[in-house]
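I have placed the structure first, in the form of structure tokens, so that the comments after it can refer back to it.
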Amino acid sequence: MNQVSDIINDQLVRVLSNMPPSSFSEKQEETETYLSPIHETPSNLSQEKTSSIDIPQIRRSLYAIKDQIDAVLKLLNHEIVQLTPNIPDLQISSTGEKIIEGVFNGEKMVGSDGQEYTVPPNYASKSKIVEGDMMKLTIAHNGRFIYKQIGPVERKRVIGTLIYDEEKQLWYARHEHNQYKILTASVTFYRGKPGDEVIILLPEGNHCDWGAVENIISR
């Protein structure tokens, strides 16, 4: 039960630290204003600072408490649960969904927390996401991962030759003296085969290992 008490106390401290001044303080300020010297004009009174309630912050705190309470109830019911760790740069939406931003490395999203998140190949291929693009991952309440491209980098278009490495089972686009890895899902979608002409998108001015397939021309 000490674990339960510690969790609840920790969450209450977080909420109370973000709560606006109490109504008692506001009433006290009103009383002091009423007893202020007569020479103060209404314009002076209107310049007094007014407190504001941070509704989004309170909502986020309440959702965090709800998640912790659900975990505590499962512990009391002898269910094994894993509490969400404190991840740096983890954001919580107004509806309580977890949001992580990161950079696409050609195959996965490297989050601001240092972890890699697998991006569905079909989505990356269809959206033509380029290595270096900024992405946002939203983790819904039901555990669904929703990706969105939020910051595309400058691109350049090059034409190469489609190559398949049977040993590594990887597809490449060869352009001049360079080879760029490309997603198998892209090659499958365009029904590419070794030797075909492939048009890929690369980040402008930056070294990269991956290219995003824009089109494949059969030979």
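Values quoted throughout were computed directly from the atomic coordinates according to the rules given, and no laboratory measurement underlies them. Here the structure is a predicted model, which means the values were calculated and not measured. Ideal geometry is used to build each Cβ from the backbone, glycine not excepted, and the neighbour counts take in all protein chains shown.
For the range 105-122, filtering for residues that are closer than 27 Å to Ile199 by Cβ, in contact (Cβ under 8 Å) with a residue 12 or more places away in the chain and touching a strand residue (DSSP E or B) at 6+ places or on another chain (Cβ under 6 Å) leaves 3.
Among (1) among the aliphatic types (A, V, I, L, M); (2) under 17 Å from the mean Cα position of the chain (by Cα); (3) more than 30 Å from Ile92 (Cβ to Cβ), there is one condition Val198 misses while meeting the rest; what is its number? All conditions are met except number (2). A residue that is more than 11 Å from the chain's Cα centre (by Cα), outside any loop (DSSP other than H, G, I, E, B) and either touching a residue at least 12 places away in the same chain (Cβ under 8 Å) or crowded, with 17+ Cβ neighbours inside 10 Å (or both) cannot be found anywhere in the range 137-148.
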